[in-house]
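Written below as structure tokens is the structure these notes are about.
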Amino acid sequence: MDEVTLEEAFGRIERKKDDIIAVLDHIWEHPELGYKEWNTHKYLKKKYEDLGYIVHEVGDIPGFYIDIDTGKEGPTVAVFSEMDALHIPEHPESDKATGAVHACGHHTQLAATYGTAIGLKDKDLLSKLSGKIRLFAVPCEEIVNGPFYDGLLRNKTVKFLGGKKEFIYRGLLEGVDIAFMIHGGAKGFGVSKGWDGNINKRYIFEGKTSHVASPFNGLNTMNAALVAMNAANALRERSVDALHMRYYANVVDNGGGAPNNVPMRTVVDVGLRALTVKKLEEMSRDVDRAYIAGAYSQGVRLEIQTTMGYCPRRESRPLQLVFLDVAKRLFPKEEISDTENTSAGVSDIGDISSLIPTVHAFIGDGGPSNHTVKFHIIDKYRMGVTAAKEQVGVLLELLGDNAAKAKEIMEEYKPTFARREDYLAFEEKYTKTLKAVDYDADGKVLFKGE
């Protein structure tokens, strides 16, 4: 993209910097938890409509998108921003009624993407591009649980608790060829190799209670859980450091029995993380075996509830290079980071990256770490205005010159799943309930594990 067009786009953003920062401040002051972001939705919808855009609402859940059509054939590039806050009631600026606070910085994404819409609001600019741009405001990226979310699933309001997963399921990514977003991070600008994916498990052991004076009359589910947890812990030596394999477990229910009774019910919640889908599948199989062994060793029943979390986040290297090229215009050289680092963190942007070329870049102001009680933004201009310029610069590079760069990136990428249907089939495979260990009338064990 030519320098004049780029500078003109940057200039439009610069002239509206106060408006962009006002959006950032407003959303910070009105945080909402996942799938409850209706006020944020309403506020942003009006802001986009005031710019002259048509807002396409999802309907029964918060979230929407706007399409910007260049009028020429070409790829569609999506830009994501996340609406939900965290539940950290201890944060001094959290909502006193809900405990919500934007301690992951999602409010800055929303402001930056609004600024992106400002930068693109020019017919002459769009006439030099090919394809479409879709700007998303997505609910519920943070991992959530509780009665409200159980109700959403039970009532089939949503299929998935991750907002981007839900948008994939609803077909809102159909026709999108490339995606990216910018999240808060360390000071400066950065890209990295990727993040883990995760699978969540709930293991429910059912036995028989008795008085502890005669434990031989009972079937102790806590003992079964301990055997299982030790067996699963022994699998750690098979973990591959480079694949960021993680196993963690919490006993969340021991049946509420009296301390002088043998526990007849124990529930263990388990999280599995790894950098590839293949390794996640292997971990799921192996940890299930460990818990099945624990149940069988003590003669208790076992139910396994499996829920697919997020897919591993993969990064398109050619798309990263476009980001880095634009970042050189906006950040000092010493503040630009390009690393091979990976992380055991997870996000539903990983699910997007399993289907199309994706980048999850980072811009940071050097302030306190996110997800903490001290988190706050110290450089609103950088997090809202500069981030908007970065996103606009990337879009111009991708869709200029008859979208040559975007087409090159699409050609190079090898997705985890070739089609949305393949992705949804995988999700279905790892979202299930299995009576893994049971017994017939004669006490003969019945295994139903994989």
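See the values below:
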| item | result |
| --- | --- |
| Coil-residue GluC sites (Glu not before Pro) of the stretch 156-212, DSSP, other Cβ within 10 Å capped at 16 | E174 |
| Listed peptides 49-61, 363-375 by packing density, highest first (mean Cβ within 10 Å) | 363-375, 49-61 |
| Within the chain, helix-based [θ] at 222 nm, where runs of 4 or more DSSP H residues each add -39,500 (n - 2.57), nearest 500 | -11500 deg cm²/dmol |
| Percentage, to the nearest whole number, of Cα pairs in the stretch 261-401 over 18 Å apart | 70 |
| Candidates per trypsin sites (Lys or Arg not before Pro) in the stretch 34-114, loop by DSSP, up to 12 other Cβ within 10 Å | K96 |
| Modelled FRET efficiency - R0 22 Å, N233 with D269, Cβ distances, 0.05 increments | 0.90 |
| Near-label residues of the stretch 133-155 by backbone N, under 16 Å of a point 7 Å along Cα→Cβ of D67 | 133-137 |
| Contour minus Cα-Cα distance for V240 and R419 (0.36 nm per residue) | 61.5 nm |
| Approximate spin-label separation R170-T339, in nm, with each point projected 7 Å along Cα-to-Cβ | 3.5 |
| Relative contact order (percent, whole number), the stretch 78-150, Cα cutoff 8 Å, 6+ residue spacing | 44 |
| Cα centroid of the stretch 260-305 to Cα centroid of the stretch 212-232, whole Å | 14 |
| Distribution of pairwise C-alpha distances over the stretch 152-286, 5 Å bins, in % | 2, 8, 12, 12, 13, 14, 12, 10, 7, 4, 3, 2, 1, 0 |
| Over the chain - Rg/Rh using Cα atoms and the Kirkwood inverse-distance radius | 1.03 |
| Residues of type lysines that K435 reaches as a straight line, Cα spacing below 16 Å, ignoring anything fewer than 8 places off in the same chain | K201, K444, K448 |
| FRET efficiency estimate (nearest 0.05) - Cβ-Cβ, D18 to L153, R0 30 angstrom | 0.10 |
| Charge dipole (the stretch 317-450, unit charges on Cβ, about Cα centre) - positive-most of A361, A388, F323 | A388 |
| Largest-first ellipsoid semi-axes for the stretch 355-441, taking √(5λ) over the Cα gyration tensor eigenvalues, angstrom | 39, 28, 7 |
| Per-pair calculated FRET efficiency, R0 = 41 Å: E428 and E93 via Cβ, rounded to 0.05 | 0.50 |
| Proxy reagent accessibility, fewest Cβ within 10 Å first, across T416, T386, T113 | T416, T386, T113 |
| Alpha-carbon radius of gyration plus Dmax, which is the widest Cα pair, for the stretch 306-387 in Å | 14.7, 46 |
| Local electrostatic count at G105 - Lys and Arg +1, Asp and Glu -1, tallied over other residues with Cβ under 12 Å | -4 |
| Under 5 Å, built H, 5+ apart or other chain: amide partners of G185 | I363, G364, D365 |
| Residue order, fewest to most beta carbons within 10 Å, for D95, D288, D18 | D18, D95, D288 |
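Computed from the coordinates by the stated procedures, all read-outs in this text should not be read as laboratory data. Since the structure is predicted, the reported quantities are computational estimates derived from the model, not experimental observations. With ideal geometry, Cβ positions are generated from the backbone for all residues, glycine too; neighbour counts draw on all protein chains shown.
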